[in-house]
Each structure stands twice: as C-alpha cells, then as structure tokens.
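The values are calculated or read from the model by the stated rules, or taken from the named source; none is laboratory data. What you are looking at is a predicted structure, and each value in this text was computed from that prediction instead of being measured. Cβ: placed from backbone, ideal geometry, glycine included. Neighbour counts: every protein chain shown. We work out accessible area using only protein heavy atoms, side chains counted, and drop any ligands, DNA or RNA first. Shrake-Rupley method; radii C 1.70, N 1.55, O 1.52, S 1.80 Å.
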Amino acid sequence: MAANNRRMSGKKGAQVGSGGKRRRGLEGKGPTPPAEMRKGHAKQRAAAAKARRAQGRPPQRRGGGRSASELVVGRNPVFEALREGVPASTLYVQQFIDNDERVREALQLAAERGDIHLMEAPRPELDRMTNGLNHQGLVLQVPPYEYAHPEDLTEAAYDEGEDPLIVALDGVTDPRNLGAVVRSVSAFGGHGVVVPERRSAGMTAGAWKTSAGTAARTPVARATNLTRALEAYKKAGITVVGLAADGEAEIGELDALQGPVVIVVGSEGKGLSRLVGETCDFRVRIPMPGGAESLNAGVAAGIVLYEAARRRA
C-alpha cells in the first residue's frame with residue numbers, strides 16, 4: 001500500500017489548480033456599457049430603429065398568423081358591416097332577390113368601396129354556405145385578419161421615436177370589448193393591442209364594427225402564450241401593469257405610465273388570471289367612488305390610456 005502511494009505521489013503531469021481563473025476573475029469585466037449598447041435595453045432598441053431609418057431599411061415583421069374568413073349574414077348585418085367599413089372581399093346576392101331599400105343600399109355601398117366582388121348565387125348555394133341560416137339573400141365574406149406579432153408593436157413604437165404604449169387583454173372573449181379597446185388605443189396614441197391565441201376574442205366583423213374603423217390603423221397582435229409575451233416585454237425594458245380591483249396602488253399614483261408600458265386588462269368579473277397577475281410588475285386599481293364592482297374591458301382600458309396620454313403630453 002505504501003509503495004502504491006509512493007508511485008502515485010511521484011507521478012509526473014499537470015497538478016490541480018485554478019489555471020489562472022481566480023486571478024482573471026478578480027480583474028472584473030470592465031465598465032458597464034451605455035444603455036444604447038446593452039442588448040434588450042429600451043434605448044438599444046430605439047437606437048437600432050433610428051439606424052434602420054437612417055439606412056432606409058424597414059423593420060423586420062414576423063407576423064402573428066391569420067384568422068379564418070368569416071361570413072356576415074342577413075340584410076341589416078350586411079348593410080351595417082359595409083357602412084362601418086368592415087373589410088370584405090365578396091358580397092353574395094341571391095338570384096331573383098326582392099330588391100327592397102336595404103338591398104339597394106348594401107349594393108350601393110359595396111360598389112362605392114370598389115374592392116368588393118359582387119357574386120350572384122342561387123338560394124340553395126347560399127343556404128349551403130351559411131349552414132341554413134336566415135341570410136335573406138345577402139351574404140358578405142370577410143377575409144382573414146392578418147395579426148401582428150407582439151414584437152411588431154414595440155418595433156413600430158421605437159421606429160416613431162416613442163415609448164411603447166400597448167394594451168394586452170387577458171380572458172376578454174367579447175369581440176365588442178376588443179373593438180372598443182382598439183378604438184381607445186387609437187384615440188390616445190397607443191401602439192396596438194395584444195390578445196392570446198386561445199380563449200380570447202378575435203378580430204371578427206363585430207370587433208371591426210365596434211372599433212369604428214380604427215382597426216384599419218391600430219394593429220392587433222396575437223400571442224401563442226400571453227404570459228411569455230409579457231415576460232419578453234419585461235426583458236426588453238417595458239413595464240407591465242395589470243389592472244386589478246385589489247391592486248396595491250391607484251392608477252393615478254403610477255409614474256411608470258410615462259415610460260414604455262404594457263397595460264393588462266382582465267375579463268369583467270374574473271379579472272386577471274393567476275399567472276398573468278404574477279407576471280405584472282405592478283397591480284393597480286381604478287378608483288370608483290360610485291361603488292361599481294368592476295368595469296368592462298373597453299371602459300377600463302380607456303381610463304388608463306387617458307391617464308397615460310395625459311402624463312406623456
């Protein structure tokens with residue numbers, strides 16, 4: 001055993017040591033680089049957007065997928081959709097239809113738009129298209145909506161030299177609420193709306209109508225997972241603010257609204273989901289002296305967007 005130890009102790013070769021790592025570790029990594037050079041920092045993104053504009057290169061857009069096409073059925077719904085500027089590709093008109101005033105108005109609006117195909121079809125064909133719904137001889141086809149990617153919204157804001165102002169919806173399933181939020185975002189200078197891919201309202205004809213045409217200039221992004229999208233925003237230097245009835249502070253006390261911010265609005269009644277609420281940097285409440293228990297998503301988003309716009313003015 002002793003001989004064995006002597007042979008091992010006399011073995012030639014490298015000895016165990018730090019290899020100089022401890023000495024190099026004491027040297028540090030040098031001074032902290034400026035914000036414009038730190039990857040993921042808001043100022044770095046703004047500087048990159050400014051460089052792209054100077055070189056004339058458009059920002060990259062990844063897109064958030066497309067929805068399915070939709071049919072608007074019935075004389076009054078078709079007329080209202082055309083009047084409100086809902087995008088449409090084809091207006092199907094039943095052969096030998098009774099030409100009343102509402103039919104003539106719908107045909108006139110479609111002709112004035114200039115980009116809607118007019119197709120005459122027999123009643124059995126329209127019955128098949130609508131699965132037997134009472135179409136009254138008019139069917140309007142709404143093309144798939146092109147969703148943006150959540151990162152597209154921040155890139156667009158930085159391209160304009162502005163701090164992002166975005167609304168994210170958590171569990172809002174009524175398309176009219178989505179349309180109302182889009183309208184408020186447009187009115188107060190926001191840069192878009194984010195909705196989750198599942199269990200959420202989408203940009204249907206009803207959402208387009210409620211937006212009163214503002215959906216044409218205010219993008220809606222779709223996230224595969226809302227929590228991960230919010231975490232990505234946080235890593236990019238954007239503050240995530242959730243609205244909650246039991247929030248720790250009132251919305252008027254939140255200075256974060258002056259900078260890059262995402263406002264998360266939950267569903268009426270249920271509020272924010274647990275994971276989304278835990279992801280938020282702040283949970284704030286809207287004071288309601290009248291004693292109402294909650295506000296719908298459109299009204300709540302409008303109040304916070306107004307406060308953000310007032311602080312940024």
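Provide the per-residue ³J(HN,Hα) series for segment 298-313, in order, calculated from phi with Karplus coefficients 6.51, -1.76, 1.60 and θ = phi - 60°, each as a whole number of Hz, with x at glycine and proline positions.
Those phi angles translate into x, 5, 4, 5, x, 5, 5, 5, 4, 5, 5, 5, 5, 6, 7, 5 Hz.
On average, how much accessible surface per residue is there in segment 248-308, in Å², for a 1.4 Å probe, leaving out ligands, DNA and RNA?
50
Taking the Cα centre as origin and putting +1 on Lys and Arg beta-carbons and -1 on Asp and Glu beta-carbons, what dipole magnitude results for segment 177-313, to the nearest 20 debye? Please report the intermediate quantities before stating the final value.
Numbers: 16 positive and 12 negative charges, 121 e Å.
In total the dipole reaches around 580 debye.
Go through 173, 132, 154 and say which Cα lies farthest out towards the positive end of the charge dipole of segment 131-242; charges sit on Cβ, +1 for Lys and Arg, -1 for Asp and Glu.
132
Per residue of segment 108-116, what does 6.51 cos²θ - 1.76 cosθ + 1.60 with θ = phi - 60° give for ³J(HN,Hα)? Whole Hz please, x for Gly and Pro, Karplus curve as stated.
Ordered by residue, 3J(HN,Hα) equals 5, 5, 5, 5, 5, 5, x, 10, 10 Hz.
Can you give the accessible area per residue of segment 56-168, in Å², using a 1.4 Å probe? List each step's numbers first, then the result.
Values: 6020 Å² over 113 residues.
Spelled out: the 1.4 Å probe surface of segment 56-168, per residue, equals 53 Å².
As a test question: what accessible area, to the nearest 10 Å², does residue 170 have when a 1.4 Å probe is rolled over all protein chains in place?
About 20 Å², ignoring ligands and nucleic acids.
Taking K and R as +1 and D and E as -1, what net charge do the other residues with C-beta under 14 Å from the C-beta of residue 102 add up to?
Details: positive: 75, 83, 104; negative: 80, 98, 100, 101, 105.
With Lys, Arg at +1 and Asp, Glu at -1, the net is -2.
Check which residues have an amide H placed less than 5 Å from residue 221's amide H, if you skip close sequence neighbours.
Residues meeting the criterion, in which the H sits 1.01 Å from N, are 148, 193, 194, 195.
List the trypsin sites (Lys or Arg not before Pro) within segment 149-254 that DSSP assigns to loop and that have no more than 12 neighbouring Cβ atoms inside 10 Å.
Passing sites in segment 149-254 are 198, 217.
Please express the shape of segment 200-292 as an equivalent ellipsoid: the semi-axes are the square roots of 5 times the eigenvalues of the C-alpha gyration tensor, given largest first in whole angstrom.
Numbers: eigenvalues 106, 69, 40 Å².
Semi-axis lengths for segment 200-292 are 23, 19, 14 Å.
May I ask you to evaluate 6.51 cos²θ - 1.76 cosθ + 1.60, the Karplus curve with θ = phi - 60°, for each residue of segment 233-250 and list the ³J(HN,Hα) values in order in whole Hz, giving x for glycine and proline?
Computed from phi, the couplings for segment 233-250 are 4, 4, 5, 7, x, 9, 7, 9, 10, x, 8, 8, 4, 9, x, 6, 9, 8 Hz.
How big is D for segment 69-203, in µm² s⁻¹ as a whole number, if Stokes-Einstein is applied with the Kirkwood radius of its Cα pairs at 20 °C and 1.002 mPa s?
Rounded to a whole number, D works out at 127 µm²/s.
Taking every alpha carbon pair in segment 79-140, what does the distance histogram look like in 5 angstrom bins from 0, in percent?
Cα pair-distance distribution for segment 79-140, in percent: 4, 19, 31, 25, 17, 4.
Can you tell me the length gained on complete extension of the stretch residue 68 to residue 173, counting 0.36 nm per residue apart and subtracting the Cα distance?
36.1 nm
Extension gain residue 102-residue 198, at 0.36 nm per residue separation less the Cα-Cα distance, in nm?
30.9 nm
What ranking do 129-137, 107-115 get when scored by the average of other Cβ atoms within 10 Å per residue, highest first?
129-137, 107-115
Carbon and sulfur: what percent of segment 75-221's accessible surface (1.4 Å probe)?
Roughly 46 percent, rounded to a whole number.
Let me make sure I get this right: for segment 123-207, a, b and c are the square roots of the gyration tensor eigenvalues over alpha carbons, sorted descending. Under 1.5 in a/c it's rounded, otherwise prolate if a/b > b/c, else oblate. Which is it? Each step should come with its number before you reach the end.
Working: a/c = 2.87, a/b = 2.58, b/c = 1.11.
The shape class here is prolate.
Heads up, I need the accessible area for residue 102: 1.4 angstrom probe, whole protein in place, Å², nearest 10.
So the heavy atoms of residue 102 present about 70 Å² to solvent.
For residue 262, what accessible area in Å² do you get when you roll a 1.4 Å probe over the heavy atoms of the protein chains, rounding to the nearest 10?
Roughly 0 Å² of residue 262 is accessible to a 1.4 Å probe.
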